[in-house]
1. Every residue in the stretch 81-91 that is part of a loop (DSSP other than H, G, I, E, B) and either modelled with pLDDT of 85 or more or over 13 Å from the mean Cα position of the chain (by Cα) (or both), please.
2. When you scan the stretch 65-80, do you find a residue that is touching a strand residue (DSSP E or B) at 6+ places or on another chain (Cβ under 7 Å), at pLDDT 90 or above, outside any helix (DSSP H, G or I) and buried (at least 16 other Cβ atoms within 10 Å of the Cβ), even just one?
3. Consider VAL105 against the criteria (1) under 14 Å from the mean Cα position of the chain (by Cα); (2) part of a helix (DSSP H, G or I); (3) at pLDDT below 95; (4) among the hydrophobic types (A, V, I, L, M, F, W, C): it satisfies all of them except one. Which criterion is unmet?
4. Among the residues of the stretch 56-64, are any surrounded by fewer than 17 Cβ atoms within 10 Å (Cβ to Cβ), modelled with pLDDT under 95, farther than 21 Å from GLY81 by Cα and of a type outside the set (A, V, I, L, M)?
5. For the stretch 28-43, check the following and say yes or no: at least one residue is acidic (Asp, Glu), touching a helix residue (DSSP H, G or I) at 6+ places or on another chain (Cβ under 9 Å), in a helix (DSSP H, G or I) and free of Cβ contacts under 8 Å to residues at least 40 places away in the same chain.
Amino acid sequence: MRQPETEPCPGSARLVVLGSAGLAGGFGLIGAEVHADADPATVESVLEQLVDSGDEALVLLETHLAHGGGFWLDRLRNEGGRIVITELPPLPAPHDYAPAVDRVVRAVLGPDALK
């Protein structure tokens, strides 16, 4: 029997996107769970729900939300596992994007490592 399109297939991970409407809307076209114009409180609420549900998920956060911090965001980043959180550059300024890993690379390999 075919699964309803609104329910994830057993064993599949959820794709969750939180960010501006323009950025998140595009991900909605490929079936992502979208939280447009999300704020840090929405991020915390969604992450807590993911933890409580036991679902596996890839969570994409627009840069300003990824750097916002919060109990659930910090906890999930530190523990790893079934919920993976990554960052998306802002739609209007992709050239301003600097992933958090850049700081680590520069700290380990020196300030010119990424030039």
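The values are calculated or read from the model by the stated rules, or taken from the named source; none is laboratory data. The structure presented is a predicted model; accordingly, all values stated were derived computationally and were not measured. Note that we place each Cβ from the backbone using ideal geometry, even for glycine, and neighbour counts take in every protein chain shown.
1. Hits for the stretch 81-91 are GLY81, ARG82, LEU91.
2. no
3. VAL105 satisfies every listed condition except (1).
4. Yes, the stretch 56-64 contains a residue that is surrounded by fewer than 17 Cβ atoms within 10 Å (Cβ to Cβ), modelled with pLDDT under 95, farther than 21 Å from GLY81 by Cα and of a type outside the set (A, V, I, L, M).
5. no
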